[in-house]
1. Among Val158, Gln106, Phe11, whose Cα lies farthest out toward the positive end of the dipole of the chain, if unit charges sit on the beta carbon of Lys, Arg (+1) and Asp, Glu (-1)?
2. If a/c stays under 1.5 just call it rounded; otherwise compare a/b with b/c (prolate if a/b is bigger, oblate if not). Do that for region 1-61, with a ≥ b ≥ c from the square roots of the Cα gyration tensor eigenvalues.
3. Starting from the eigenvalues of the Cα gyration tensor, five times each then square-rooted, give me the equivalent ellipsoid semi-axes of region 5-194, largest first, whole Å.
4. Tell me which lysines have Cα within less than 28 Å of Lys26's Cα, excluding those fewer than 8 residues away on the same chain?
5. Which whole-number percent gives the relative contact order of region 5-194, counting Cα pairs below 8 Å spaced six or more residues apart?
6. Sorted by average packing, counted as other Cβ atoms within 10 angstrom per residue and highest first, what order do 184-190, 84-90, 173-179, 132-138 take?
7. Please figure out what share of the DSSP beta bridges in the chain is antiparallel and state it in percent, rounded to the nearest 5.
8. Multiplying the sequence separation of Lys183 and His127 by 0.36 nm and subtracting their Cα-Cα distance, what value in nm do you get?
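Readers should treat all values here as calculations from the given coordinates under stated rules, not as data from a laboratory. The shown structure was predicted, so the numbers you read here are calculated from the model rather than taken from an experiment. All Cβ positions, glycine included, derive from the backbone under ideal geometry; neighbour counts span all protein chains shown.
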Amino acid sequence: MGNRTLALFDFDGTITTHDTLFLFAKFVSGAFRFRLGIVYLSPVLLAHKLGLLPALRAKEIFISYYFKGTTTDQFASFCNRFCDQLLPGFIRPAALEALKEHKKQQARIVIVSASPEDWILPWAIKHNIEVIATVLEKTNERLTGKLQGANCNGQEKVNRIRERIVLSDYDEIIAYGDSKGDKEMLSIATKKYFKPFRDNG
């Protein structure tokens, strides 16, 4: 049956050095409009940080402000350009080496992220990596500003993994994460690494 290793990677902060939601919004909007948006959204961001506003709702408000009404074609173009032009500069070298090593060992590699899949997939496809991530709602070929289903974080990461992958098929499950939103995913692994790439890239 070949190699029976599954490698699960969080994306933001684990593979990347920064939260890509903010990077992408700045890339699309430009620095000035992005800063204006952060000022406008600061009560929402603070309420979320204080635990007064659920992550799903905070994310929908953020996404609505920057992207609501964008056509699916235009949004896909932004995502492709972001992955080509900006994202490579924010990939941790040590994380990239770990991905390459897992590929060499013929492990099944899956990125599991709370960020929307749209701006992870173009990069992941180039590296032949699967993606499980938050899905943005699109109606009449435009973004509605809402999520389709739950935010892929915490227990939802495990739920999505189990929907797609039969974990008992694997002798070894290796998971990498960097935040409390990854703890449930780390708990299903036989080997877990928390903030593994911080000191060396």
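1. Phe11
2. Details: a/c = 3.60, a/b = 1.82, b/c = 1.98.
Since a/c reaches 1.5 but b/c is at least a/b, the shape of region 1-61 is classed as oblate.
3. On the way: eigenvalues 156, 68, 50 Å².
Equivalent ellipsoid of region 5-194: 28, 18, 16 Å, largest first.
4. Straight-distance partners of Lys26: Lys49, Lys59, Lys68, Lys126, Lys138, Lys146, Lys157, Lys180, Lys195.
5. Values: 269 pairs, mean separation 56.1, N = 190.
30 percent.
6. On the way: 184-190: 17.1, 84-90: 13.4, 173-179: 22.3, 132-138: 19.3.
Descending packing order for the listed peptides: 173-179, 132-138, 184-190, 84-90.
7. On the way: 5 of 23 bridges.
Among the beta bridges of the chain, antiparallel pairing accounts for roughly 20 percent.
8. Values: separation 56, 0.36 × 56 = 20.16 nm, distance 2.54 nm.
Gain on stretching Lys183 to His127: 17.6 nm.
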